[in-house]
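A short write-up of the structure that comes next.
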Amino acid sequence: MAYGSLLMGRPCEITQALHRGELDTIQTNEDYDVAVLGEGLSKEKLIEAARLIRRRWPQANILAISAKPLNIDDTLYDDRIVSGYSAKVLVAEVLRLMGAHRRQREGAASLWEC
């Protein structure tokens with residue numbers, strides 16, 4: 001959530017889920033643009049979360065944070081940044097993915113999520 005403060009003033013609303021159970025409580029009828037998967041996830045949990053996001057919010061871009069190569073199917077995420085990133089790098093990447101998502105839906109009204 002600390003990085004979220006850097007996105008304030010941008011057309012963005014942040015939803016945070018710390019574990020799988022919290023993902024289940026997020027409304028599937030909302031339109032999410034970007035999901036950030038943290039580096040603390042094991043390979044199995046990363047795959048599980050990415051598959052769930054792809055199923056529930058198929059238009060969302062997935063940004064994975066990992067110091068090591070992910071060694072998972074490339075279709076499970078859209079981009080990756082290495083851990084140890086600066087806050088500016090994370091915010092820039094989220095905004096870039098939000099822009100890509102917006103261009104895909106040009107002209108459609110939406111709720112910005114990251």
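The values are calculated or read from the model by the stated rules, or taken from the named source; none is laboratory data. Predicted, not measured: the structure shown is a model, and the values here were computed from it. Heads up, the Cβs are rebuilt from the backbone with ideal geometry, glycines too, and the neighbour counts pull from every protein chain shown. SASA here: full protein model, heavy atoms, side chains in, ligands and nucleic acids out. Shrake-Rupley method; radii C 1.70, N 1.55, O 1.52, S 1.80 Å.
A few comments on the model shown:
- Accessible surface calculations at 1.4 Å, restricted to protein heavy atoms, place region 28-75 at 56 Å² per residue.
- Cα-projected label distance for Q59 with T28, points at 7 Å along beta-carbon direction, nm: 1.7 nm
- Here region 28-51 is scanned for amide nitrogen atoms under 19 Å from the site 7 Å beyond the Cα of V89 along Cα-to-Cβ, giving 35-41.
- Vicinal HN-Hα couplings computed from phi for region 51-66 (Karplus, 6.51 cos²θ - 1.76 cosθ + 1.60; Hz; Gly/Pro x): 5, 4, 5, 4, 6, 7, 10, x, 8, 5, 8, 10, 10, 9, 10, 7
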